[in-house]
Amino acid sequence: MTATHDVALPIGATTPFDWDGATRTIKGDAITVCEATSAGEPILVAPYATQRTDGTIVDTKNDQPLVFIDVVHDDFAHEALTVPAHAARALAAALIASADVLDGWVRR
C-alpha cells in the first residue's frame, strides 16, 4: 500500500508522484521547444525535485533539484541531459550567446 501524506505541492509543481517512504518526486510542467533539433524534433524541458513529508525540497549533493531536457523521437521522450538550476541558467546564457553569433553570421 502506498503511503499518503497531506503535503501541498510547492508553487510551480504540477505532478506529484507516489510517496516512497518519507519522500516523493515532484515535477513541473514541461515546456516544449518545437522543431528544436536539426532533425526537427521537439525538446521538452521540465523541473524535477524530491519533496519530503514536511514539504521541504531535498537539495543535497546526491539528490538535488534538476532540469530534465528530453528529445522527443518517435513520440517518446528520451532523456538527453539533466542539470541543476545553476547549470541550466549557464546553459541558457551560452545558448543565447551562441545564437547571437549565428545571427551575426547570417546577416546580410
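The values are calculated or read from the model by the stated rules, or taken from the named source; none is laboratory data. Keep in mind the model is a prediction, meaning the values are calculated, not measured. Methodologically, a virtual Cβ is constructed for each residue, glycine included, from the backbone with ideal geometry; neighbour enumeration extends over all protein chains shown.
Observations, loosely collected:
- The set of residues in the stretch 53-99 being charged (D, E, K, R) and farther than 30 Å from residue 5 by Cβ consists of 74, 75, 89.
- All of 66, 9, 95, 102 fail the test of being under 13 Å from the mean Cα position of the chain (by Cα) and at pLDDT 95 or above, apart from 66.
- Against the test of being at pLDDT below 95 and of a type outside the set (A, V, I, L, M, F, W, C), the options 27, 61 yield a single qualifying residue, 61.
- Residues of the stretch 46-76 that are on the phi > 0 side of the Ramachandran plot and of a type outside the set (Asp, Glu): 55 alone.
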